[in-house]
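The values are calculated or read from the model by the stated rules, or taken from the named source; none is laboratory data. Source: prediction; values computed, not measured. Because the Cβ atoms are built from the backbone with ideal geometry, glycine has one as well, and the counts that use them run over all protein chains shown. The area values use the complete protein model at the heavy-atom level, side chains included, leaving out ligands, DNA and RNA. Shrake-Rupley method; radii C 1.70, N 1.55, O 1.52, S 1.80 Å.
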Amino acid sequence: MGGWIAHAFIVIDKPGEYTVTTGFANNSLDSNSIVFLINNTENVTLDCNEMSFTTNTTNSSILVYAYNSSNIVVKNMNANWSKDTIIFENVNDSTIENSEIITEGYSIKLEDSYGATISGNDITVANGEYYGIYIDGNLENGTIFGNTINVTNNNNVCGIYTVSNITNSVISGNTITAYAYKQVSGVCAYYGDILNTTMEDNVFDFTSDDREVYSIYANYNINNSVISGNDITACARYWAWGIGAYWGEMLNTTIENNVFDTASKESYTEGIYANLNITNSTISGNDIKACGYDEASGIWNDGSIIGSTIENNVFDLYAYNYDEYGTASGIYVCYNLTNSVISGNTITAESNYSNACGIVIDEENILNTIISGNTFISESNNSNAYGICVEGYNIENSTISGNTITAESNESDACGIYVDDDTINSTISGNTITLDAYYYAYGIYFYYDAINTTVEYNVIDVYAYDDYAYGIYAYYDLENSIISGNDITAYAYDDYTYGIYVDDYFEYSTISGNTITATSEEDEAYGIYCEEDAINSTIENNVITATSEDDYAYGIYSCCGEYSTYSGNTINATSVNYSAYGFYIDDIYNITFSENIVEASSENDEAYALYLYGITNSTLFENTFTSNMYALYIDSTCEENRFYLNNIDGLLNNGTDNYFVSSENITYSYLGSSYKSVLGNYWASYNETDTNGDGIIDTPYTINDTNDTKPLADMWNDGEIGNYVAPSRSSGGSGRSYDSDISDEIESKVIKNFVSSATVLFGNGIDEQYAVQLRERVTDANGYTISGNAVIVGGPLANGFAKEYNSQFEMPISNDYPGENRGIIQVMAIQDNSGTIIRSYTIVYIAGSDRLGTQAALEYFKTLDELPEGPIMIEWTENGPVVVE
């Protein structure tokens, strides 16, 4: 045996089955004693038959020693052995099973032995050697399953220890408990790799009072392996982890459905750690709890994550250092997160002193990656809280979508998605972001350029107590990008608040369809803020409410640039003690400004629905401006601009050399007739006459050198003068929305608008009683000739106008149809060809087979939101009108 001379009680050197029939007790064995020696043989079974083997000698005696053999089985041993119990050297394809071993030496030691199966054993190693199972060399083609291992030592301990690699092996169903004053390892490839190996359904419980705990440890790589279904508890004074590749990478590996509970009293703790890359791997369905003094992470990677999937994990992380450090991170990547998917994870990260992050990319990029459907909850008591943080460089060709991000910082900043450099060719969509910060709050933060990027359909709610609040923040360029469909609420108590903030270039980009509420108690509030260089860009169809209690409020602030468009925005800007601006446009030329609805008010200072400074060669049309002071403020620096078809309710300040009529004729309708003319604007305070009834006041509007030669007699409404209904205006507002005699029982402004535009026709006294429920001014239908929109109340027997058109409707009314107590609401468009101009009108027909049928249809008509596209049949019941399906 390699030159070693030993004394053996029993030598087995021939194949066969050997059964022990008596126990063995000897307390005087020397260091050269071997009880069973299996030497230079094969196909041996040693059945210890539950016999007892004991010794308390302090000499290095061995109970079973197998050398240079194969296909050896040792089983059913019951040993309380003070020194080495079972040693296999140069023994292949062998089995150690169903034995109980209590020892201070090696319980099971394999040296240059391959293909071993170690199963069903109960192993206790206390206050002697450091290992439950010791493999001197590689564990290759081995199986270790169903064992119970308990190792205790005041020095270092390890449950299953290999000097080199674990290769092509299975470690499953084991329960390993290890305690040491110093370092503890569960399954360890101390100088090597874990390769092509499965570790599953094990229960690990490890504690170190004064050092580290590494539950599953590879000194270098974990490759082509599966680690699943394990329950891992690791508690250390210093570093503690669940699974780690200390100096290497994880490649083509699956880590799934494990439960980790790791804790460090004075240092770091991770569920999963890799020093280099995690490549082409899957980490899924794991439940990781990590509580650390200086740092706690679900996954900590000091390299890059490449081509991998991290999904459906639950991470609960807490870093509790009260003095310094103390970062909590769900997923930490030092370099790149590339070609990967992170989805469906729930990550809770709390730090007492330092940063708390859901995902953090420390030094480089997120590339070609999808981050979707995750829930991130981050809280820091003394520093910053982030949902997703890219501290290094860029996000490129990636998607961040459908995540729920909650971040709270009690003493510093909170950010939902943070990018320290560029965001390129990427999409951020459908995320719900809620922030609560003592200082700065950023829903989405682009520190440098956002290029060819879409930010859409996110719900962002940010609060900052003592500093700025930003819904979306772009510090440098927003280029060829879209910000659309987001719902943003930004609130700052003591400082500025911004719904969308673009600090530098706003080029070839669109901000559209966002709903923004920006509120500041003590400082300025901005719905959309573009600091400079708005070039060939569009801000459209946004709904903005900007409110400041004690400073300026701006709906949209845009400064410097050219060839930009502002259209279809609905803005309400309010300040209590300072000025309010619906739009503040500064130093931009060749802009197009249309179809905006803007209201600005201030209780104690000036208010401007539209404030223009240094604007030239621009066109502003079909807007509605309302203010308790200046509806339209045009500074003297503005010139060569054209204003027409605007509804202006408030004071005017005019610049120089601006135009207030259209440059060419416009076809429009007024009171049912069609006209064509150059048109000006509607001035709510201008009440001069329109003698010829064409909707244009005869006398030009010339206040402040305006010279509007074609002022409108009523508000402009999409091709029509009159019948305007503003989205947030009531009939009591300045500027006519609908006639004052319209019934208050009509709920919809659309229906009120139509009835206001129409002649309401009745045929007899009963129908008149119904007709006046729509408006006070009604008309007898007898002899009426159509000249505009009409509402017919009553059927063809009593109403001559109804009789004329009854057969043209889809459902003609008679005494028999639609039947007793039933009525119908119908709408029809007709053309009037009687004059030189063909005119189109709309007729609403409200009638029934009897008076209760007409009453049912009329009562239901008053509840409609809009004119119906097809007939609606209504029946009068004891409970009122009911739709007939």
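Where does the charge balance sit around Gly568 when Lys and Arg score +1, Asp and Glu -1, over other residues with C-beta under 11 Å from its C-beta?
Around Gly568, the surrounding residues sum to -3.
Tell me whether the stretch 1-100 comes out rounded, prolate or oblate; compute the Cα gyration tensor, take square roots of the eigenvalues as a ≥ b ≥ c, and use a/c under 1.5 as the rounded threshold.
Note, shape of the stretch 1-100 comes out oblate.
Using Cα-Cα distances under 8 Å and only pairs 6 or more residues apart, what relative contact order does the stretch 757-885 have, in percent?
The value is 22 percent.
Taking the dipole about the Cα centre of the chain, with the C-beta of Lys and Arg at +1 and of Asp and Glu at -1, give me whichever of Asn355, Tyr457, Ile144 is farthest to the positive side.
Ile144
If the cut-off is 24 Å between C-alpha atoms, which lysines fall inside it for Lys75, apart from same-chain ones fewer than 8 positions away?
In chain and number order, the partners are Lys14, Lys83, Lys109.
Give, in nm to one decimal, the length gained when the segment between Val678 and Asn56 is fully stretched (0.36 nm per residue of separation minus the Cα-Cα distance).
Using 0.36 nm per residue and subtracting the Cα-Cα distance, I get 212.5 nm.
What's the angle, to the nearest 10 degrees (0 to 90), between helix 851-861's Cα axis and the longest principal axis of the chain?
Its long axis makes an angle of about 60 degrees.
Cα gyration tensor of the stretch 74-209, axes a ≥ b ≥ c as square roots of the eigenvalues: rounded (a/c below 1.5), prolate (a/b > b/c) or oblate?
Rounded shape, in that the Cα axes give a/c under 1.5.
With unit charges on the beta carbon (Lys/Arg positive, Asp/Glu negative), name the residue among Asn78, Leu110, Thr54 whose Cα is farthest towards the positive pole of the charge dipole of the stretch 1-145.
With unit charges placed on the Cβ atoms, the residue in question is Thr54.
Rounded to a whole number, what % of the accessible area of the chain do carbon and sulfur atoms account for, probe 1.4 Å?
Here carbon and sulfur together make up 40 percent of the probe-accessible area.
For the chain, report the accessible area per residue in Å² (1.4 Å probe, heavy atoms, rounded to an integer).
Numbers: 32360 Å² over 885 residues.
Result: 37 Å² per residue.
Check the straight Cα-Cα distances from Lys676 and name the lysines below 17 Å, setting aside those fewer than 8 residues away within the same chain.
Those lysines meeting the cut-off are Lys710.
Per DSSP helix of 4 or more residues, -39500 (n - 2.57); summed, then divided by the residues of the chain. What does that give at 222 nm, rounded to the nearest 500?
Rounded to the nearest 500, it is -1000 deg cm²/dmol.
Using r as the Cβ-Cβ distance of Ile766 and Asp744, and R0 as 30 Å, what FRET efficiency do you calculate, to the nearest 0.05?
0.85
Taking Lys862 as the anchor, which aspartates and glutamates have their alpha carbon closer than 12 Å to its alpha carbon, excluding any fewer than eight residues away along the same chain?
Partners found: Asp744, Glu745, Glu747.
At 7 Å along Cα-to-Cβ for each site, give me the label-to-label distance between Gln831 and Asn68 in nm.
11.2
Given the alpha-carbon gyration tensor of the chain, what are the semi-axes of its equivalent ellipsoid in whole angstrom, ordered largest first, with each equal to the square root of 5 times an eigenvalue?
Over the Cα atoms of the chain, the semi-axes work out to 84, 33, 20 Å.
Could the peptides 50-61, 671-682 be put in order, highest first, of the mean number of other beta-carbon atoms found within 10 Å of their residues?
671-682, 50-61
Run the quick spin-label model on Thr175 and Asp698: label points 7 Å from Cα toward the beta carbon, then report their separation in nm to one decimal.
10.4
Kindly state, to the nearest 0.05, the FRET efficiency for Thr637 paired with Gln808, given R0 = 51 Å and r defined as their beta-carbon distance.
0.30
Using a 10 Å cut-off on Cβ atoms, rank the peptides 510-523, 31-44 from the highest mean neighbour count down.
Answer by packing, highest mean first, reads 510-523, 31-44.
Could you order the peptides 329-335, 383-389 from most to least packed, using the average number of other C-beta atoms within 10 Å per residue?
Going from most to least packed, we get 383-389, 329-335.
With charges only on Cβ, +1 for K and R and -1 for D and E, what is the dipole size of the chain about its Cα centre, in debye, rounded to 20?
2580
Distance between Cα centroids, the stretch 748-811 to the stretch 545-571: provide it in whole Å.
45
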